[in-house]
Amino acid sequence: MFMFDKKRTISKEHMEFLMKVRQRKILILSARILILLAFFLLWEVMAELKLIDSFITSRPSRIARTIGNLYSEGTLFYHTGVTCFETVVGFLLGTIVGTVAAIILWWSNLLAKVLEPYLVVLSSLPKIALGPIFIVWIGAGTASIIMIALTVSVVVTILEVLNGFLAVDQDKIKLVKTFGANRLQVFTKVVMPSTIPVIINSLKVNIGLSWVGVIVGEFLVSKAGLGYLIVYGGQVFQLDLVMTTVLILSAAAALMYQGVVYLEKLLMKNGRYTSDKIE
Amino acid sequence: MGAVVKVHNLSMKYHSINSEIAAVENINLSVEEGEFVSIVGPSGCGKSTLLSLIAGLLLPSEGQVIIEGKQVIGSSHQVGYMLQRDHLFEWRTILENVVLGLEITHTLNPETKGSVTRLLDTYGLADFKDKYPNQLSGGMRQRAALIRTLATDPKILLLDEAFSSLDYQTRLAVAEDIYMIIKRENKTAVLVTHDIAESISMADRVVVLTRRPGSIKSVYNIELSCDNRTPMNSREAPEFRHYFNQIWKDLDVHV
């Protein structure tokens, strides 16, 4: 039993230990910032000294200028917004559709068995290959891009979540059955709540996959968005634009990932889901 | 006092593609109200199968199980089942955990919730109602698991190796604890175990099963000369060793 006494006094030794932990944290953070600064500085200096050809590598000062230009043209937030919107929608749809499909397959063992080989083929198929088909079917626009993002993440979600459902401790299921639980109750009382950590984990994978789907979709459709800027910049040999967009993309992707991590923390607070294996 | 549970010529076979395995064969057993029966047997003799049959989780190949005069078909909440591990759900608080059975049987109302809360209070879990299982010790978790089982007011408790996941000291203490609660709540209980000492220390009657297919080999009415019978005190009784040796011989263990 763990009871936390917040008012206890801290010994000198413990104080020193806490200081060390803190110092280490500061060290790690400053090293991280330093690496980033050094990278950009080196890039800039090497371009300045003509050690690298900034026509094909671009350089931080020009990237900063490009961001400024995009901003004053008003297209910076437009393209970023378009891509983020497509990613979020594709991500949410992929997760929801995948989870619902997994629930259906869990419910019907027979159906899961029947569809198994198809799922295996779909999961090994590079979904990007379906892109042109969607464009023909749905049209060259946002809908196709979202469809590609969804396709990329949905099969992984189905397999992950279904495996999560099937990995639920049989004794836990037996326990609710001894109370006379029906299949729906087995699902809502045990299987679903036990699988929440798996679903959250698949969110983290899906957000990455959705970015892949959206960027590839924008490469193919090319009307707006960060993927469009990259392709366009590449075609007109404006590496400044390409590099700038890649940087914006990294920042947006990192932010969204952090969002999912934050969501995970929110759902798992109070020490829930911290595994009951320690007994 | 009549029999709470009657088991009649019960047999159960498992089917696989290559074979058919008889798990238990022709078992006859009746458990009186308020009685504590232990079932011991070598591993894989179908002890747990027998409990699952009584609980209605499995359907017998032959024979029947009768609880309070009614044949068991499918799982019924007349039976309270305790498993090896407590299986408290880590995403529910202790209170939410112990009302699980009431939720499933749609009998959660202020009255039943009140009686569950009283059980928690009586057995020292009042301060832990809103805590999560990982904040409790192993013994307390097992106690919470028992209260979860008692919440639906079952006619009979089935303890399936209920203490075997605990370390030895905790196990003795928890067995003592659970025994006292069962007696105080005046419940009928069947304990399945492979621990001979545990089976004798808790039971009024010990049923020894044979190797698979499990059938009844012998039955011992445990009469110990000790006052204030508890599992701990039972182990001190002079007759304890005698029963132990006899059951050990019956089990016929070869390494």
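Does B:E68 satisfy the criteria of being surrounded by fewer than 17 Cβ atoms within 10 Å (Cβ to Cβ) and closer than 17 Å to B:L159 by Cα?
Against the criterion (surrounded by fewer than 17 Cβ atoms within 10 Å (Cβ to Cβ) and closer than 17 Å to B:L159 by Cα), B:E68 does not qualify.
Identify, from the list B:I66, B:I54, B:I94, the residue that is β-branched (V, I, T) and touching a His at 6+ places or on another chain (Cβ under 8 Å). Talk me through it step by step, then tell me what you get.
Details: B:I54 fails: touching a His at 6+ places or on another chain (Cβ under 8 Å); B:I94 fails: touching a His at 6+ places or on another chain (Cβ under 8 Å).
Unique residue meeting the criteria: B:I66.
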Checklist outcome for this item: By residue number, the members of the stretch A:245-277 that are away from every other protein chain (no Cβ under 11 Å) and either over 30 Å from A:G227 (Cα atoms) or at pLDDT below 75 (or both) are A:K265, A:L266
Checklist entry - Considering only residues of the stretch B:135-174 that are over 20 Å from A:V176 (Cβ atoms) and facing chain A (nearest Cβ under 9 Å), which is modelled with the lowest pLDDT? => result B:L166
Item to check | The lone exception for B:A189 - which of (1) of a type in the set (G, A, S); (2) touching a strand residue (DSSP E or B) at 6+ places or on another chain (Cβ under 9 Å); (3) over 16 Å from B:V37 (Cα atoms); (4) surrounded by 15 or more Cβ atoms within 10 Å (Cβ to Cβ) it fails | outcome: (3)
Next on the checklist: The conditions are (1) facing chain A (nearest Cβ under 9 Å); (2) surrounded by 21 or more Cβ atoms within 10 Å (Cβ to Cβ); (3) not small (G, A, S), and B:E90 fails exactly one of them. Which is it?
Outcome noted: (2)
Item to check | Hits in the stretch B:118-133 (condition: closer than 28 Å to B:L57 by Cβ and surrounded by fewer than 22 Cβ atoms within 10 Å (Cβ to Cβ)) | outcome: B:L119, B:L120, B:Y123, B:L125
Next on the checklist: of a type in the set (G, A, S) and surrounded by fewer than 20 Cβ atoms within 10 Å (Cβ to Cβ): is that true of A:G94 in this structure?
Outcome noted: no
Item to check | Residue match in the stretch A:24-31 (condition: among the charged types (D, E, K, R) and either modelled with pLDDT of 90 or more or over 30 Å from the mean Cα position of the chain (by Cα) (or both)) | outcome: yes
Item to check | Selection from the stretch B:10-44 of residues that are under 23 Å from B:P231 (Cβ atoms) and part of a loop (DSSP other than H, G, I, E, B) | outcome: B:E33, B:G34, B:E35, B:G41, B:P42, B:S43
Checklist entry - Only one of B:R148, B:R205, B:R211, B:R143 is surrounded by 21 or more Cβ atoms within 10 Å (Cβ to Cβ), among the charged types (D, E, K, R) and in contact (Cβ under 8 Å) with a residue 40 or more places away in the chain; which? => result B:R148
Checklist outcome for this item: Here the qualifying pairs (Cβ atoms under 9 Å; residues six or more apart or on different chains; first in the stretch A:44-64 and more than 17 Å from A:L241 (Cβ to Cβ); second surrounded by 16 or more Cβ atoms within 10 Å (Cβ to Cβ) and not β-branched (V, I, T)) come out as A:E44/A:R59; A:E44/A:P60; A:M46/A:S54; A:M46/A:R59; A:E48/A:S54; A:E48/A:R59; A:I52/A:W43; A:I52/A:R59
Next on the checklist: Checking the structure you have, find out if any residue of the stretch A:73-89 is free of Cβ contacts under 8 Å to residues at least 40 places away in the same chain and exposed (fewer than 11 other Cβ atoms within 10 Å of the Cβ).
Outcome noted: yes
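If I ask for residues that are among the β-branched types (V, I, T) and exposed (fewer than 12 other Cβ atoms within 10 Å of the Cβ), which ones from the stretch A:122-145 would you list?
Within the stretch A:122-145, just A:V136 meets the criteria.
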Checklist outcome for this item: Restricted to the stretch A:165-211 and to residues being surrounded by fewer than 17 Cβ atoms within 10 Å (Cβ to Cβ) and not in a helix (DSSP H, G or I), the residue farthest from the other protein chains (Cβ to nearest Cβ) is A:A167
Checklist entry - If a residue has to be over 17 Å from the mean Cα position of the chain (by Cα) and not acidic (D, E) to count, how many in the stretch B:45-65 make the cut? => result 5
Checklist outcome for this item: From the option list B:E176, B:E198, single residue qualifying as charged (D, E, K, R), crowded, with 20+ Cβ neighbours inside 10 Å and within 23 Å of B:F240 (Cβ to Cβ) is B:E198
Item to check | Qualifying position, being hydroxyl-bearing (S, T, Y) and modelled with pLDDT under 90, among A:T99, A:T178 | outcome: A:T178
Checklist outcome for this item: Taking first residues from the stretch A:109-135 that are within 29 Å of A:L220 (Cβ to Cβ) and second residues anywhere that are surrounded by 12 or more Cβ atoms within 10 Å (Cβ to Cβ) and among the hydroxyl-bearing types (S, T, Y), the pairs with Cβ under 8 Å that are 6 or more apart or on different chains are A:K127/A:T151; A:L130/A:T151; A:G131/A:S144; A:F134/A:S144; A:F134/A:T151; A:I135/A:S144
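The values are calculated or read from the model by the stated rules, or taken from the named source; none is laboratory data. This one's a predicted model, so the numbers in the text were calculated from it and none came from an experiment. Ideal geometry is used to build each Cβ from the backbone, glycine not excepted, and the neighbour counts take in all protein chains shown.
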